[in-house]
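**Q** Structure below; questions to follow.
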Amino acid sequence: MGTEIRWAKTHCARMDHGGCALLVGVEDNRIVQIKGDPEGYLNKGYTCYKGRVSADRLSHPDRLRHPLKRSGERGEGKWQRISWEEALDEIAGNLLRIKEQHGARAVGFGVGMPKGLEHFVLIRLANLFGSPNVVASQDVCHAPREVTGVHTCGFYPVADLHNPTRVILSWASNLLSTSEEGQIAGLLLDQLKNGARLIVVDPRRTELAEKAELWLQLRPGTAQALALGFLHVVIEEELYDKEFVEQFTDGFEDLAAHVRRYSPETVAEITWVPADLIRRAARLYAEAKPAALQWGNAIEHDIHAFDAARSLVCLMAVCGNLEIPGGNINAYDPKIMGLGEFVRADLIPEKRKEMIGAHHGVIPRFMTVPPAHFRQAVLKDEPYPVRGYYGMCTNPLVAWANSDVTYEALKRLDFVAMAEIFMTPTASMADIVLPVAHQYEMNDIGHYGIGHGMILARPKIVDPPPECWPDIKILNELGKRISPPEYWHDDFESFLDDVVKPAGLTYRDLVAKGYLKGPDRFGLYKEKGFRTPSGKVELKLTTADKFKLKPLPEFAGLPEEEDPEFPLILISAKSRYYLLSSYRWVEKLRQKRPSPLIEIHPETAASHGISDGDDVVIETKYGRIVQTARVTDIVHPKVVSAALGWWYPEGSADTQFEWQKSNFNRLTSIGKLGKEFGTPNIKNIPCRIRRA
């Protein structure tokens, strides 16, 4: 007879930002079942398939279990096993040598989207080492909305799905498939059950669009034109919140004059959304109080990310939906250590000026380096040479735009180290690969630093394999070797206590509580104004000249010019079964989505002689790949939607697991970038298809 199942509470992690509270059943240091916790603040018992099978990540036979050192040429896939001491000494020696020869800024510290506390321990490591260059995915993820919000209204406006709302305007977001930083499908479904009306703006007819009262199938790459069309209707028909606009906004007259040119008829031609539908949707959003604008990551996927985010914050503001329950709110943090203090920002005062991105004129408050700018530094020594890279929780060879350029950059670097759970295309190009403990095998804190006003306990449930270390432990030990040791802890878990100490708690206390949430402070602007230079919501930016920004959001044209040689528009959609390029090696997930699918409208498929299940060559000006046809009318006849993040773990390390075959980012380019965030066009690209 087996031992009795022990049930433990934690929160989902590393499958997306998620945050679903989970009940985890353990037997003999093995996870045997995972289910949603009915007491979960965000999910109330809901969880997705990905979360329920997430323990399968820990027991895979090909999981990395020992530190490895490259023994052949870079990318040959030949390794020798080494000890942790040797691995850390090798990394430290190389990073210190590069620092001595080229300066600390010649090392980039890389990370994917924030997974947990390790993201901020990595920033601390970079700061203490003296490098201003933390290279991250923020150029296409979260920061355009967050930083644009800070410049426009002084905070990042989060849709409040915890308080009753009358209308949800879901813009480029599909919570039934992938969550947005703690915005869970369960919360949205409860709002709909309780009578909230739903508007969906999405080029694809998603499951969410099926539930909507109004679905606006916009032309990809025209989000800002559609938002400006909404503003035209709201202002022209005087549906705006007059009291809020008069007292708490700056630049309304300029905005009103500016949006006159964006009539629904004009915008309909740009966006393919009928003028009467634009009017109905704008009226429905403007006349409801409160209404929540749930905006998604796809807004940030072309060079016009700043215009798109700006126009939507202006829409929230003129309709009086900022800082009200059930609208878009400033989510105040609980009493926890501030990010600046945690990462020791005080020790690198010139960071803002020294970052690679600063030389390209990125927007102030944007504190990570866009991958496009990082690779320019590696390949062209612009604005200065970069020679080393330490990466964790990231797979740049597949995840960054223009994968061929990433491959060249990885080959050119003097030294590359990667911390990973599984050998990936990028890890196979490294000099040192470190095996990590994963979720359920370490104590961690979720949602720190994401701007949603909460942190979540993620206590350790089972022990990791003997030589798999948590990223925080790796960074703590590396930190002692490459920076002043007094800034590091004897026990790396002390970082967890540091975060909650201002609340008078220990990490163990946080685990007992499950989560900490900041206070609800609606309408604080009535006493204190908004945290902008004018003290108001800046519909027209007062800092535009100073920072060389556009004062008003505009539609300046399509992200890429139309080209008769490439008559279709290429987009992508995240899969509910993976996290971007992660976990294709988890068998239960791979069974659900065994191959990369390109969605093609039946008319388009017929005219190209393509049938369901055929191999399809997808081609842009920048590259070509092969994916599998899924013929479906959820996309427009002029649009195809391909799969992101594909590589083949069943392949081998010496070919980087066939990273070229189906990888979407071989179709993208970094030739054109949005100035504000260094954002490339990773959607909305002219393409053509043919049967393979």
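The values are calculated or read from the model by the stated rules, or taken from the named source; none is laboratory data. Note that the structure is predicted; figures quoted are calculated from it, not measured. Cβ: placed from backbone, ideal geometry, glycine included. Neighbour counts: every protein chain shown.
**Q** Within the stretch 435-455, identify whether any single residue is among the aliphatic types (A, V, I, L, M) and closer than 30 Å to Gln660 by Cβ, and answer yes or no.
**A** First pass over the stretch 435-455, keeping only residues among the aliphatic types (A, V, I, L, M): 436-437, 442, 445, 450, 454-455.
Now drop any that are not closer than 30 Å to Gln660 by Cβ, which leaves 436.
Yes, some residue in the stretch 435-455 is among the aliphatic types (A, V, I, L, M) and closer than 30 Å to Gln660 by Cβ.
**Q** Between a residue in the stretch 68-89 that is free of Cβ contacts under 8 Å to residues at least 60 places away in the same chain and small (Gly, Ala, Ser) and any residue that is surrounded by fewer than 14 Cβ atoms within 10 Å (Cβ to Cβ) and not in a loop (DSSP other than H, G, I, E, B), which pairs come within a Cβ distance under 6 Å, given they are 6 or more apart or on different chains?
**A** Taking only residues 6 or more apart or on different chains, the pairs are Ser71/Gln80.
**Q** Now a separate question. Condition check: at pLDDT below 95 and not assigned by TED's automatic domain parsing to the domain that holds His447. Does Lys528 satisfy that? Can you show your working first?
**A** Details: at pLDDT below 95: yes; not assigned by TED's automatic domain parsing to the domain that holds His447: yes.
Answer is yes for this residue.
**Q** How many residues, within the stretch 467-524, are outside any helix (DSSP H, G or I) and within 30 Å of Asp160 (Cα to Cα)?
**A** Of all residues in the stretch 467-524, those outside any helix (DSSP H, G or I) come to 467-470, 483-484, 488-493, 504-506, 514-524.
Narrowing the set further to residues that are within 30 Å of Asp160 (Cα to Cα) leaves 504-506, 514-524.
The total comes to 14.
**Q** Quick one: which strands (runs of 3 or more DSSP E) sit completely within the stretch 10-106 and have at least 2 residues that are within 30 Å of Asn127 (Cα to Cα), hydrophobic (A, V, I, L, M, F, W, C) and modelled with pLDDT of 95 or more? Talk me through it step by step, then tell me what you get.
**A** Details: elements: 21-27, 30-36, 68-70, 79-81.
Of the strands (runs of 3 or more DSSP E) lying wholly inside the stretch 10-106, none has at least 2 residues that are within 30 Å of Asn127 (Cα to Cα), hydrophobic (A, V, I, L, M, F, W, C) and modelled with pLDDT of 95 or more.
**Q** Could I ask something else about it? Considering the stretch 378-402 alone, what residues qualify as being crowded, with 24+ Cβ neighbours inside 10 Å and in a helix (DSSP H, G or I)?
**A** Val378, Pro396, Leu397, Val398, Ala399
**Q** If I ask for residues that are touching a His at 6+ places or on another chain (Cβ under 9 Å) and either outside any helix (DSSP H, G or I) or of a type in the set (Asp, Glu) (or both), which ones from the stretch 302-328 would you list?
**A** Hits for the stretch 302-328 are Pro325, Gly326.
**Q** If Ile600 passes every condition in (1) in contact with a Phe, Trp or Tyr (Cβ under 9 Å, 6 or more places away or on another chain); (2) hydrophobic (A, V, I, L, M, F, W, C); (3) in the same structural domain as Ser669 (by TED's automatic domain parsing) but one, which one does it miss?
**A** Result: Ile600 passes all but (1).
**Q** Please specify each residue of the stretch 602-654 satisfying the condition of being part of a helix (DSSP H, G or I) and hydroxyl-bearing (Ser, Thr, Tyr). Lay out the reasoning, then the answer.
**A** Of the stretch 602-654, the ones part of a helix (DSSP H, G or I) are 602-607, 653-654.
Across the stretch 602-654, the qualifying residues are Thr604, Ser607.
**Q** Any residue at all in the stretch 204-227 that's within 29 Å of Arg531 (Cβ to Cβ), touching a strand residue (DSSP E or B) at 6+ places or on another chain (Cβ under 6 Å) and crowded, with 24+ Cβ neighbours inside 10 Å?
**A** Scanning the stretch 204-227, I find no residue that is within 29 Å of Arg531 (Cβ to Cβ), touching a strand residue (DSSP E or B) at 6+ places or on another chain (Cβ under 6 Å) and crowded, with 24+ Cβ neighbours inside 10 Å, so the answer is no.
**Q** Let me ask something else. Please work out if Gly320 is in contact with an Asp or Glu (Cβ under 9 Å, 6 or more places away or on another chain), surrounded by fewer than 17 Cβ atoms within 10 Å (Cβ to Cβ), modelled with pLDDT of 95 or more and within 30 Å of Asp160 (Cβ to Cβ).
**A** On the way: in contact with an Asp or Glu (Cβ under 9 Å, 6 or more places away or on another chain): yes; surrounded by fewer than 17 Cβ atoms within 10 Å (Cβ to Cβ): no; modelled with pLDDT of 95 or more: yes; within 30 Å of Asp160 (Cβ to Cβ): yes.
In short, no.
**Q** Using the structure shown, decide if Glu237 is farther than 18 Å from Asp633 by Cβ and modelled with pLDDT of 95 or more. Spell out the reasoning first.
**A** Values: farther than 18 Å from Asp633 by Cβ: yes; modelled with pLDDT of 95 or more: yes.
Here the answer is yes, as Glu237 does meet what is asked.
**Q** Oh, and also: Working only within the stretch 339-370, note down all residues that are assigned to a loop (DSSP other than H, G, I, E, B), within 14 Å of Lys548 (Cβ to Cβ) and not aromatic (Phe, Trp, Tyr). Can you show your working first?
**A** Initial filter on the stretch 339-370 (assigned to a loop (DSSP other than H, G, I, E, B)): 343-344, 348-350, 355, 361-368, 370.
Restricting the remaining residues to those that are within 14 Å of Lys548 (Cβ to Cβ) gives 361-364, 366.
Those that are assigned to a loop (DSSP other than H, G, I, E, B), within 14 Å of Lys548 (Cβ to Cβ) and not aromatic (Phe, Trp, Tyr): Gly361, Val362, Ile363, Pro364.
**Q** Within the stretch 108-126, which residues are within 18 Å of Ala427 (Cβ to Cβ), of a type in the set (A, V, I, L, M, F, W, C) and in contact with a strand residue (DSSP E or B) (Cβ under 8 Å, 6 or more places away or on another chain)? Reasoning before the result, please.
**A** Restricting attention to the stretch 108-126, the residues satisfying the condition of being within 18 Å of Ala427 (Cβ to Cβ) are 108-113, 115, 118, 122.
Filter once more, keeping what is of a type in the set (A, V, I, L, M, F, W, C): 109, 111, 113, 122.
Of everything in the stretch 108-126, those that are within 18 Å of Ala427 (Cβ to Cβ), of a type in the set (A, V, I, L, M, F, W, C) and in contact with a strand residue (DSSP E or B) (Cβ under 8 Å, 6 or more places away or on another chain) turn out to be Phe109, Val111, Leu122.
**Q** Something else now. Residue check: is Phe244 touching a Phe, Trp or Tyr at 6+ places or on another chain (Cβ under 7 Å), in the same structural domain as Val167 (by TED's automatic domain parsing), touching a residue at least 12 places away in the same chain (Cβ under 8 Å) and more than 18 Å from Ala308 (Cα to Cα)?
**A** Working: touching a Phe, Trp or Tyr at 6+ places or on another chain (Cβ under 7 Å): no; in the same structural domain as Val167 (by TED's automatic domain parsing): yes; touching a residue at least 12 places away in the same chain (Cβ under 8 Å): yes; more than 18 Å from Ala308 (Cα to Cα): yes.
Answer is no for this residue.
Residue-by-condition table, conditions (1) surrounded by 14 or more Cβ atoms within 10 Å (Cβ to Cβ); (2) of a type in the set (D, E, K, R); (3) outside the structural domain of Ile445 (by TED's automatic domain parsing); (4) under 18 Å from Glu420 (Cβ atoms):
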position: Lys9; (1), (2), (3), (4): yes, yes, yes, no
position: Arg14; (1), (2), (3), (4): yes, yes, yes, yes
position: Leu23; (1), (2), (3), (4): yes, no, yes, no
position: Val32; (1), (2), (3), (4): no, no, yes, no
position: Lys44; (1), (2), (3), (4): yes, yes, yes, no
position: Leu58; (1), (2), (3), (4): yes, no, yes, yes
position: Gly77; (1), (2), (3), (4): yes, no, no, yes
